[in-house]
Amino acid sequence: MATFNYAWKLVELPLILAIQLVATLAFPAITQAFARDAGAAGQPGADATQAVRNAFALAWTLACATAAGLLLGAPALTQLLFGWGRMGPDALARVAAWGAAGAWGLLPQALIAVALTVLATQGRMRWAAGAYALALGALLAAACWAGGDGLRLMGALNAVLAGVALGIMVALGPAVWRWLPARLMAVTGAALGVLALAQAAGGLPASAGQGVPALALALAAALAMVGLGAMAGPDLRQALRR
């Protein structure tokens, strides 16, 4: 359990410092935009649509960028953060492997963070409470299936988070199709998948790399993901300008 906790901290680091920070900073803009559009028959107008779309674009891109960094740099980052203590090489390797697996959970959590902001603005948090209640039950059942295997448990967490994201996105209603930057999400998501496949096939430097070169490679992958997002369309560029 302690080893898994350290692996989850690798995922929490970009989640808190990047993705949830974006949703928090976007909250005032989204709230003000919805307030301005309140008179339009209860339907979100152009201001609200743009504010939410910007938040989704930035949160999703950061999720893909940090996931790419973790896929390539988890061993080096684990060594940097936890290698100075009493944790042995085997434990460090497990933390890195489980943390890299948990990186995929950043994508649904990016959607959840922004969607919860919108639901909070609209006073509809009961949908989120219901989704998380179901998720807790599913996670408890999956914990028995995992049987103490951290990699399985991380996969179960990813699946549960994906389910929560799907439920909350459905709760947002038809407007969600206008809010999601589909092209940006498709391009960066596909790029992340290609990166993972290339790594698995041995087309990239070994994932067990350590030290500054491995960290530099992870940073380069993250920055490349942001660059792809910027080239995929105007959504990310517009979000960064605001």
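The values are calculated or read from the model by the stated rules, or taken from the named source; none is laboratory data. Worth saying up front: this structure is predicted, and the values here are computed from it rather than measured. Here Cβ is always computed from backbone atoms with ideal geometry, including for glycine, and neighbour counts include all displayed protein chains. Please note that ligands, DNA and RNA were not included when accessible areas were found on the heavy atoms of the full protein model with its side chains. Shrake-Rupley method; radii C 1.70, N 1.55, O 1.52, S 1.80 Å.
With each run of n ≥ 4 DSSP H residues scored as -39500 (n - 2.57), what mean residue ellipticity at 222 nm is computed for the chain after dividing by its residue count and rounding to the nearest 500 deg cm²/dmol?
-27000 deg cm²/dmol
Give me the distance in nm between label points sitting 7 Å out from Cα along the Cα-to-Cβ direction at residue 242 and residue 90, one decimal.
Taking the simple label geometry, residue 242 and residue 90 are separated by 5.2 nm.
Can you pull the percent of the range 160-242's accessible area that's carbon plus sulfur, 1.4 Å probe, other chains left in place?
Its accessible area is 74 percent carbon and sulfur atoms.
Please label the shape of the range 155-242 as rounded, prolate or oblate, based on the square roots a ≥ b ≥ c of the eigenvalues of the alpha-carbon gyration tensor (a/c under 1.5 means rounded; beyond that, a/b larger than b/c means prolate, else oblate).
Here the range 155-242 falls in the oblate category.
Tell me the accessible surface of residue 53 in square angstrom (1.4 angstrom probe, heavy atoms of protein chains only), to the nearest ten.
Looks like 60 Å² after rounding.
Give me the number: length gained by fully extending residue 194 to residue 126, i.e. 0.36 nm times residue separation minus the C-alpha to C-alpha distance, one decimal in nm.
Between residue 194 and residue 126, full extension yields 20.8 nm more.
What translational diffusion coefficient, in µm²/s and rounded to a whole number, does the Stokes-Einstein relation yield for the chain at 4 °C and a viscosity of 1.567 mPa s, taking the hydrodynamic radius as the Kirkwood radius over Cα pairs?
D, rounded to a whole number, is 69 µm²/s.
Averaged per residue, what accessible area in Å² does the chain show with a 1.4 Å probe, protein chains only?
49
Over the range 1-136, with every protein chain in place, what whole percent of the accessible area is carbon and sulfur at 1.4 Å, could you tell me?
So the carbon and sulfur contribution to the accessible surface is 67 percent.
How long is the gain from residue 166 to residue 201 if the chain were fully straight, where each residue apart is worth 0.36 nm and the alpha carbon distance is subtracted?
Value of the extension gain: 9.6 nm.
Given a 10 angstrom Cα cut-off, can you work out which residue in 18, 115, 201 is the most mobile in a GNM of the chain?
In the Gaussian network model the winner is 201.
Pairs of Cα atoms under 8 Å, at least six residues apart: use those to get the relative contact order of the range 8-161, whole percent.
28
Between residue 177 and residue 49, what is the label-point separation in nm under the 7 Å Cα-to-beta-carbon projection?
1.2
Which order do you get for 144, 64 if you rank them by accessible area with a 1.4 Å probe, largest at the top?
Order by accessible area, largest first: 144, 64.
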